[in-house]
Amino acid sequence: MAKVQTITEEVYMIGGPDITRPEDCCVYLVETGDGMVIVDAGAGASVGSIIDNVRELGWPSRKVSSLIATHGHIDHVGGLYELKEKLGLQVIAHELELPAIEEGLSQLTADYLYGLKYRSVKVDLVLREKEAVLEIGGQKFHCLHTPGHTPGSISVYVDKGGERILFGQDIHGPFSRSWGSDRRQWRESMLRLLELEADVLCEGHFGVYRPREEVRAYIEGYLKRF
Ligand SMILES: [Zn+2]
Ligand SMILES: [Zn+2]
């Protein structure tokens, strides 16, 4: 049985390799004054377990307002279609990921690598700016355009309970021409993330890093490697 993991008060991990299925990215949930916000959706087969975890956190008496998709790879968006349908949430993503998320181009979702078939989803709120600040239920979600792994990758941070929590999915790569990776852009994006001095890093596949020194060391480690 998949278990909710508490990261800080009001921030949880509700899916991921350790709690749902190995092919899932880490799926995070942030509580706000007006419903919950999910970051990424997993590869698809775990939607039932993810919804069980959302239920444990108060749904349906508490609504799920939105799901922020950090980029269009299948391990992050495979569950989008069903989560949107079942939870009635709005999907938020960057404009440059629409060919993956809305058109479902296999080369961009990389679904063939997983032996899965992606189901396209309409994005309700399309981000175009370098930094968009969404205010949901009194909580600000800073969505930074951090291209590199994919052209429209975004990283999200929230300031909560005196800490800065960064959702940096797939900031470790990998890189491939087939889905439009760009290492020069990636490097700039990583430097931008370092400037945030986040206290907690909620990573896409390897879990949670803290305190601030560990977050820095994690990002710098990849900068050295590539
Ligand atoms: Zn990815
Ligand atoms: Zn991933």
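The values are calculated or read from the model by the stated rules, or taken from the named source; none is laboratory data. No experiment lies behind these values; they were computed from the predicted model shown. As a convention, Cβ positions derive from the backbone with ideal geometry for all residues, glycine included, and neighbour counts pool all protein chains shown. Accessible surface areas use protein heavy atoms only, side chains included; no ligands, DNA or RNA. Shrake-Rupley method; radii C 1.70, N 1.55, O 1.52, S 1.80 Å.
Listing for the model above:
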quantity	calculated
Residue-normalised accessible area of the range 5-225, given per residue in Å² at a 1.4 Å probe	42 Å²
Cβ-defined net charge surrounding Gln169, 11 Å radius [Lys, Arg +1; Asp, Glu -1]	-4
Relative contact order (%) - the range 152-214, alpha-carbon pairs under 8 angstrom, separation at least six	35 percent
Protection proxy ranking, peptides 116-124, 87-95, average beta carbon neighbours within 10 Å, highest first	87-95, 116-124
Heavy-atom accessible surface of the chain: percent carbon and sulfur, 1.4 Å	47 percent
Flagged links, alpha-carbon separation over 22 Å, of Lys63/Lys160; Lys63/Lys140; Lys86/Lys130	Lys86/Lys130
Kirkwood estimate for the range 1-129, i.e. one over the average of 1/r between Cα atoms, Å	14.3 Å
Qualifying chymotrypsin sites (Phe, Trp or Tyr not before Pro) for the range 1-86 [loop in DSSP, other Cβ within 10 Å: at most 15]	none
Rounded D (µm²/s) - the range 180-226, Kirkwood Rh over Cα pairs, Stokes-Einstein at 20 °C, 1.002 mPa s	194 µm²/s
Relative contact order, percent, the chain [alpha-carbon distance under 8 Å, six or more residues apart]	14 percent
Gyration tensor (alpha-carbon) shape descriptor, the range 83-148, a/c threshold 1.5	oblate
Cα Rg over Rh - the range 121-226, Kirkwood	0.96
For Tyr81, net neighbour charge (Lys/Arg +1, Asp/Glu -1) across residues whose Cβ lies under 12 Å away	+2
Protection proxy ranking, peptides 15-22, 157-164, average beta carbon neighbours within 10 Å, highest first	15-22, 157-164
Cα centre as origin, Lys/Arg/Asp/Glu Cβ charges: the range 149-226 dipole, Debye	320 debye
Among Leu29, Gly15, Phe206 - extreme Cα towards positive end, dipole of the chain, charges at beta-carbon	Phe206
The chain - charge dipole about Cα centre, Lys and Arg +1 at Cβ, Asp and Glu -1, debye rounded to 20	340 debye
Value of [θ]222 nm, deg cm²/dmol, for the chain, DSSP H segments ≥ 4, -39500 (n - 2.57) each, nearest 500	-7000 deg cm²/dmol
Spin-label model distance (nm) - Ser120 vs Leu191, 7 Å beyond Cα toward Cβ	3.8 nm
Normalised per residue, the volume of the convex hull around the Cα set of the range 5-225 (Å³)	104 Å³
12 Å beta-carbon shell around Ile136, net charge (K/R +1, D/E -1)	-1
